[in-house]
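Student: So that we are looking at the same thing, I have put the structure below in structure tokens.
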């Protein structure tokens, strides 16, 4: 195989792997550290293969001990430097805790006639969380309860956003099945909460403290007595100019579940780009 054929083969290899790397960037936007190292090596080799067909001369000195020319110089540039990181806007992590002033209501279903008793917590705000492209990463909801039934089967919906959601706070008694889908307008002219977490918590026993946690990135979930189901979750980037707002809705569709909620706390972790 002569030098020309070697160059053509290296170029074909490089183009093929560059196409593969573009596809990986689309389908795996957040690689693990080990994946990132592997992708970086393959991308460096692919770039060097393409550079082998580009006329001209390039010499690079990365450090006192690393020097390269030609295609190897392109490999060194791609491997040792990370141009996207140089121009990326740094993000800052945030962690906060919402303690709801009003989260005291009864959640049950009265079977005759069939009516629902449920409630919305007060709306709380952390005015210190200000930034653009803020996104919630992890949520943990903890409820203090008094159980009037042996087991539980309940829904906890957590809402987060840049403003008040216009939802009622406090006890709803003898109502119908909650109609708050909250994926579109809630009918009151207020914006839909952009970030939502709707979970089902269940079990054959009812502890004094009920909790559920969820990681939006990994899907990791846990709870007590059990994280029974994930109903829906939304966590788009938000622009927070007046802080982060939070509110809970707690209800049950099971006549066998009867409990009194005494209080609630929500822990939130995320990241944002400062304004």
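The values are calculated or read from the model by the stated rules, or taken from the named source; none is laboratory data. A quick note: this is a predicted structure, and the numbers were derived from the prediction, not measured. Ideal geometry is used to build each Cβ from the backbone, glycine not excepted, and the neighbour counts take in all protein chains shown.
Student: Can you tell me which residues in the stretch 115-133 are more than 22 Å from residue 199 (Cβ to Cβ) and in contact with a strand residue (DSSP E or B) (Cβ under 6 Å, 6 or more places away or on another chain)?
Tutor: 115, 125, 129, 130, 131, 132, 133
Student: Please work out which one of (1) at pLDDT 95 or above; (2) closer than 30 Å to residue 146 by Cα is the condition residue 249 fails and give its number.
Tutor: (1)
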